[in-house]
4 protein chains.
Amino acid sequence: MIIVIQCTDQIGLVAAISALLAEKKMNITAMQEHVDNVEKLFFMRLEVDGATVDHSIYKDLEQILPKGALIKINPGTAKKIVVLVTKEYHCLADILIRNHFNTLSAAVQCVVGNHIVLKDICDRFDIPFHYVPFEGDAVDFENRLLNTVESYEFDYLVLAKFMRILSGGFVERFSRRIINIHHSFLPAFAGASPYRQAYERGVKLIGATAHYVTNELDEGPIIAQQIIPAGHSFTVADMVKAGQEIETAVLARALKLVFDDRVFVFKNKTVVLE
Amino acid sequence: MIIVIQCTDQIGLVAAISALLAEKKMNITAMQEHVDNVEKLFFMRLEVDGATVDHSIYKDLEQILPKGALIKINPGTAKKIVVLVTKEYHCLADILIRNHFNTLSAAVQCVVGNHIVLKDICDRFDIPFHYVPFEGDAVDFENRLLNTVESYEFDYLVLAKFMRILSGGFVERFSRRIINIHHSFLPAFAGASPYRQAYERGVKLIGATAHYVTNELDEGPIIAQQIIPAGHSFTVADMVKAGQEIETAVLARALKLVFDDRVFVFKNKTVVLE
Amino acid sequence: MIIVIQCTDQIGLVAAISALLAEKKMNITAMQEHVDNVEKLFFMRLEVDGATVDHSIYKDLEQILPKGALIKINPGTAKKIVVLVTKEYHCLADILIRNHFNTLSAAVQCVVGNHIVLKDICDRFDIPFHYVPFEGDAVDFENRLLNTVESYEFDYLVLAKFMRILSGGFVERFSRRIINIHHSFLPAFAGASPYRQAYERGVKLIGATAHYVTNELDEGPIIAQQIIPAGHSFTVADMVKAGQEIETAVLARALKLVFDDRVFVFKNKTVVLE
Amino acid sequence: MIIVIQCTDQIGLVAAISALLAEKKMNITAMQEHVDNVEKLFFMRLEVDGATVDHSIYKDLEQILPKGALIKINPGTAKKIVVLVTKEYHCLADILIRNHFNTLSAAVQCVVGNHIVLKDICDRFDIPFHYVPFEGDAVDFENRLLNTVESYEFDYLVLAKFMRILSGGFVERFSRRIINIHHSFLPAFAGASPYRQAYERGVKLIGATAHYVTNELDEGPIIAQQIIPAGHSFTVADMVKAGQEIETAVLARALKLVFDDRVFVFKNKTVVLE
């Protein structure tokens, strides 16, 4: 069982929390905490031996923590996710493989594509695929997308190279529940064609960034980033190919962190407790 | 001896050049070439056994290469450089050490600082230090700077954490001869206080970029870049400290590449032949 | 079309080869060469526009190259491979995905497992799976393995976490055609249980190595290696899990290099022309 | 002020320690802990606001911690170090620079060299240099070395590319107080000429390892490691040159960690609390 706590910092929090758990004979198997001294915020993640859990803990924590504390007690079961895709297979295939072998800490409920090409790979893993083409106008498209997505219960929406921009309304409806992979080292090269931009600028490294989606395009809290070298011999196509490897790896890592309840959001940033 | 060639590409260039050197009995000990297929440009770097050099080679190369070809024949002696600094010691100290032990492929002629704090470390290495404080207006400051700098003969001006912006006129006077280290992964966080910007944005990696200086601030051709992880626990001060290590390393690497005649510039990019 | 050449070095080789191709109006689209000055060996890889290929080139090359030169002219079609596995899915699944989407530069002919658990994932991609359990003695097992493998035509055998040691006879039969992924940064931690060994030794980085298989266990020519950090908090199980990511990436990279004819072997080393 | 604790683990340690400090109104500004679940060991590092320190804390900690607990209370002043060198300048120069600008968390007392070449650089930084040549036999040499070293008070001996092997007796005299930089990714290529060994083996990455010195050559607890790529074009000399950069960086990082009391040793491993 995982307990996550986010609240304003005050002296003695660790002592109070760990004393409470000791009193309840709950066995802590892992604990990480972080204090942001600028914002005076306290973040904690606890793993507790499930057999020793006393379910009155939530109430007791509420009493000892500062007002407005965010407390989540997570039974450690797989998160439910819906994956949105366009045409590129690499991130989706990686998610499907991890899902299939139960190493994702999540269960893929369905995949929704605005192109149909990735239906076949979903079929091969017995995962429902819904084809929601971009037709009519953006509002119409998004309504159909919303209907499809909401016909499932899910914790997170994963944009696995979904190449359509979602409206503010859509994003707000699933606040802090949409995770995107952007194919650049943000904030460099936000927006369209980041590899083309990187090529024009002549950078020596290219990157990928996994982040929560907010109303501002490519401006949401960053969860994970990574880079690889890109020498002068790289064409745009070479960058795209090389970039796919890093996009896959960064998204996989970010999803695992989020699904394992290791990512906390405050202001426009994340704290990642590993 | 090093020969570098940059020209429009055409079929048979490698054959023609290597045949010419073979005919002249010049012994090639290393050769790298690159063709930019988009711009149809050819880049080559040759190391030739000095004992076998036939000095008529320049003329002969001119004859077989396309019009407008850039040919440089470099005896392999140390470049002459002038280093501009402000207050931070890390890049300068690293340059002084490499200079002192002859591993920089360059000879530091003097150091010029707009603060005086780094005079001591220059004295310790018997390198002239000139104090050119920022007083009066920018024009006046730059004139004094120019006078000081130009009292030396030099191939390159190295901005080793020089925190003043140079005017377009100054930059053009030393076109492609000024190298700067910027403390971010450009084009992210150009301009002032990049670590502060990186902190606010909540990035997971911070970087450093060595580039040629052009009229557009932090927009010149990139020579080398590198990054290091910066977790949520990093304050701005932590980023500054961690960043200094990478700034030092990236600038050292870029200088070595430039001084060894491995860097070619075209459009706003570099080709680096290693 | 790809041409690879490996021979003793002599002055003028590049000139002679490029002149020959120019004479035959064969259009070189990419060229990399390397000279090992210690062993006096010359390595070259050429990509030639297929439409311009003159097939008498092989003979002509033979005439201008030193005796004993190795020349391979490769039409650029996919290599044929057979994959050997045991129980772990990560490398195999990655290969199957890349094979399915035609980005492997190879075509998987079949998968052979000494356990049956990975049959299902092969079925999902319509790839034949052969179950060859380890029963009887090692000789018997290897005979059955050999029969199965040799019922296919193939260029390379890929050991994708195949946890059985092959005999010298088996290895020699497919000399320089067997590629293995070892879950350590060789030569550290050769042999069994490398993560356990790494844990005991308290290393701060763990790695993976893709190499050609030779008679000496984990001693063959190295094709690619990579590492990831492994802090004091890593248990052996954590190392295994983290290691799987890097094993997958390193094997994928090594296979792509080999299948694209970029890897040359000499002594117990490789030259990789990218 | 820094408090470090190492003891057998038991439930409630964090609660007890943090309650004790809260009771004494000591303000914790940073806290990291680690539990090794295999060895049942507890490690903790606390930074406490110096103004709030109650010096009875040591005794109080002794009372609440398990028997045999290791408690160190460190005023945060610079460690005293003696540096041993041979001929290579890179690690020493880096240490001298950091020492000079007070970023090492240590104060260099003197440098001892078995060659004299590095005297000049020490002179330039006003650091005493003692020349102790290897003459006579190993016992005689080590006696003279010991006399020189012990004429200073110091916390740590730093072997900054000191190319002589120290006897078991010498090492034991300064148990866990000698730090060495080895120019390979240990345990690969222990012993002499690691770059030569790496070259022969054809590895694709080379590394450096900072470790405590024990009686077994290159077998002591590892503090920090790092690697860099080394392609087929690297000669042994290229590896040496590239390796020097990484040796410098790894030793600097390890020293900073040790001097900031972040490194704990148990069995033959380290825990590094950052």
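The values are calculated or read from the model by the stated rules, or taken from the named source; none is laboratory data. Please read these numbers as outputs of a predicted model, since none were measured by experiment. So basically every Cβ, Gly included, is an ideal-geometry build from the backbone, and we count neighbours across all protein chains shown. Calculation scope for accessible area: heavy atoms of the full protein, side chains included, ligands and nucleic acids excluded. Shrake-Rupley method; radii C 1.70, N 1.55, O 1.52, S 1.80 Å.
Within the range C:115-173, the residues that satisfy the criterion of being more than 18 Å from C:THR214 (Cα to Cα) and among the aromatic types (Phe, Trp, Tyr) are C:PHE125, C:PHE129, C:TYR131, C:PHE134, C:PHE141, C:TYR152, C:PHE154.
Here's the yes/no breakdown for (1) over 17 Å from the mean Cα position of the chain (by Cα); (2) without any contact (Cβ under 8 Å) to a residue 60 or more places away in the chain; (3) more than 28 Å from C:VAL117 (Cα to Cα):
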residue	(1), (2), (3)
C:ILE179	no, no, no
C:ALA188	yes, yes, yes
C:GLY191	yes, yes, no
C:ALA210	no, yes, no
C:VAL213	no, yes, no
C:GLU219	no, yes, yes
C:THR235	yes, yes, no
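A single member of B:LYS256, B:LYS204 is among the basic types (Lys, Arg), outside the structural domain of B:MET44 (by TED's automatic domain parsing) and open to solvent by 50 Å² or more (accessible area, probe 1.4 Å), and it is B:LYS256.
Taking C:LYS72, is it touching a residue at least 24 places away in the same chain (Cβ under 8 Å), surrounded by fewer than 17 Cβ atoms within 10 Å (Cβ to Cβ) and within 14 Å of another protein chain (Cβ to nearest Cβ)? Answer is no for this residue.
When residues in the range A:185-226 are screened for being facing chain B (nearest Cβ under 9 Å) and assigned to a loop (DSSP other than H, G, I, E, B), 10 of them pass.
For the range C:241-248, the criterion of being away from chain D (no Cβ under 12 Å), out of contact with any strand residue (DSSP E or B) (no Cβ under 9 Å at 6 or more places or on another chain) and either open to solvent by 50 Å² or more (accessible area, probe 1.4 Å) or in a strand (DSSP E or B) (or both) is met by at least one residue. Quick one: is A:GLU150 over 21 Å from A:GLU88 (Cα atoms), assigned by TED's automatic domain parsing to the domain that holds A:SER167 and modelled with pLDDT of 95 or more? Yes: the conditions hold for A:GLU150.
Residues that are modelled with pLDDT of 95 or more and closer than 16 Å to A:PHE162 by Cβ: does the range A:222-242 have at least one? No, there is no match, as no residue in the range A:222-242 is modelled with pLDDT of 95 or more and closer than 16 Å to A:PHE162 by Cβ. Counting only residues that are farther than 28 Å from D:ASP120 by Cα and either touching a His at 6+ places or on another chain (Cβ under 8 Å) or crowded, with 17+ Cβ neighbours inside 10 Å (or both), how many does the range B:108-135 have? Final tally of qualifying residues: 3. For the range D:249-264, the set of residues classified as away from chain C (no Cβ under 14 Å) and free of Cβ contacts under 8 Å to residues at least 40 places away in the same chain is empty.
For (1) open to solvent by 20 Å² or more (accessible area, probe 1.4 Å); (2) within 14 Å of chain B (Cβ to nearest Cβ); (3) free of Cβ contacts under 8 Å to residues at least 12 places away in the same chain; (4) in contact with a strand residue (DSSP E or B) (Cβ under 7 Å, 6 or more places away or on another chain), each residue gets a yes or a no:
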site	(1), (2), (3), (4)
A:ASP137	yes, no, yes, no
A:LEU146	yes, no, no, no
A:SER151	yes, no, yes, no
A:LEU159	no, no, no, yes
A:ILE165	yes, no, no, no
A:PHE170	no, no, no, no
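Restricting the range A:14-26 to residues that are within 21 Å of A:LEU70 (Cβ to Cβ) and of a type in the set (Gly, Ala, Ser), the residue that is farthest from the other protein chains (Cβ to nearest Cβ) is A:ALA16.
Restricting attention to the range B:172-184 and to residues that are part of a loop (DSSP other than H, G, I, E, B) and open to solvent by 50 Å² or more (accessible area, probe 1.4 Å), the residue that is nearest to B:ASN268 (Cα to Cα) turns out to be B:ARG176.
Taking C:ILE11, is it open to solvent by 30 Å² or more (accessible area, probe 1.4 Å), assigned to a loop (DSSP other than H, G, I, E, B) and either at the interface with chain B (Cβ under 9 Å from one of its Cβ atoms) or among the aliphatic types (A, V, I, L, M) (or both)? Judged against the criteria, C:ILE11 is a match. Report whether or not A:GLY231 is buried (at least 20 other Cβ atoms within 10 Å of the Cβ), small (Gly, Ala, Ser), touching a strand residue (DSSP E or B) at 6+ places or on another chain (Cβ under 8 Å) and not in a strand (DSSP E or B). Taking the combined requirement at face value, the residue does not satisfy it. Pairs linking a residue in the range B:27-40 that is within 14 Å of chain A (Cβ to nearest Cβ) to a residue that is surrounded by 13 or more Cβ atoms within 10 Å (Cβ to Cβ) and not in a strand (DSSP E or B), with Cβ atoms under 6 Å and 6 or more positions apart or on different chains, are B:GLN32/B:LEU273; B:VAL35/B:ASP9; B:LYS40/B:ASP9.
Within the range B:259-268, the set of residues being open to solvent by less than 30 Å² (accessible area, probe 1.4 Å) and either of a type in the set (A, V, I, L, M) or under 13 Å from the mean Cα position of the chain (by Cα) (or both) comprises B:PHE259, B:ASP261, B:VAL263, B:PHE264, B:VAL265.
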